[in-house]
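Student: Got a structure for you, written out below as C-alpha cells; questions coming shortly.
The values are calculated or read from the model by the stated rules, or taken from the named source; none is laboratory data. Everything numeric in this text was worked out from a predicted model, so none of it was measured. Every residue, glycine among them, receives a Cβ derived from its backbone with ideal geometry; neighbour counts consider all protein chains shown.
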C-alpha cells in the first residue's frame, strides 16, 4: 500500500529536519507516486529576490520561519527564501530523484517531486 499523492503547502522551509521529513514521505509513496510541494517563490540568487515580494518574504523568514526551524531538532533553517536549488538538494537527500517546477506565481512555486 502507499499514497499516490502527498502535498506540503508552505511548510517544508519551517521544518527543523526537512531531509528527514521528505525521507518519511518518500517511504509512504507508491513507486509512481508524487509529492506536490508548494513553497514561497524565491530565486537562486539574492538579486533575483530584490523585489517587493522577495523583501516581504525575507522579513517573514527572519522573524518567523528561521526561528521556528532553529527551535526544532536539527534546525536546518531553510527559511521562506529556500530557493528551488536548495529545495532540490533537500529532496534529493531525502530520496527523491526527479524535481520539476510545474507552476509558479509571483508568490509561490509548485514542485512536482517523484522517486
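Student: Check whether at least one residue in region 10-20 is at negative phi, within 17 Å of the chain's Cα centre (by Cα) and at pLDDT below 95, and report yes or no.
Tutor: No, because not a single residue in region 10-20 is at negative phi, within 17 Å of the chain's Cα centre (by Cα) and at pLDDT below 95.
Student: Looking at (1) crowded, with 20+ Cβ neighbours inside 10 Å; (2) assigned to a helix (DSSP H, G or I), which one does residue 80 not meet, given that it meets all the others?
Tutor: Among (1) crowded, with 20+ Cβ neighbours inside 10 Å; (2) assigned to a helix (DSSP H, G or I), residue 80 violates only (2).
Student: Identify, by number, the condition in (1) within 16 Å of the chain's Cα centre (by Cα); (2) loosely packed, with under 13 Cβ neighbours inside 10 Å that residue 112 doesn't meet.
Tutor: That leaves (2) as the condition not met.
Student: Name every residue in region 1-36 that is touching a strand residue (DSSP E or B) at 6+ places or on another chain (Cβ under 9 Å), touching a residue at least 40 places away in the same chain (Cβ under 8 Å) and part of a helix (DSSP H, G or I), in order of residue number.
Tutor: 12, 13, 21, 22, 25, 26
Student: Sticking with this structure for a sec: Hey, can you tell me all the residues within region 89-109 that are crowded, with 17+ Cβ neighbours inside 10 Å and either touching a strand residue (DSSP E or B) at 6+ places or on another chain (Cβ under 7 Å) or part of a strand (DSSP E or B) (or both)?
Tutor: 91, 96, 99, 109
Student: On the basis of being assigned to a strand (DSSP E or B) and either out of contact with any helix residue (DSSP H, G or I) (no Cβ under 8 Å at 6 or more places or on another chain) or surrounded by 13 or more Cβ atoms within 10 Å (Cβ to Cβ) (or both), does residue 39 make the cut?
Tutor: Yes, satisfied.
Student: Residues being on the phi > 0 side of the Ramachandran plot, at pLDDT below 95 and in contact with a helix residue (DSSP H, G or I) (Cβ under 8 Å, 6 or more places away or on another chain): count how many of those fall in region 78-95.
Tutor: Going through region 78-95 one residue at a time, the tally reaches 1.
Student: Hey, residue 57 hits all of (1) crowded, with 20+ Cβ neighbours inside 10 Å; (2) more than 12 Å from the chain's Cα centre (by Cα); (3) not in a helix (DSSP H, G or I) but one; which does it fall short on?
Tutor: Here residue 57 meets the rest and fails (3).
Student: All but one of (1) farther than 18 Å from residue 10 by Cβ; (2) not in a helix (DSSP H, G or I) hold for residue 47; state the number of the condition that does not hold.
Tutor: (2)
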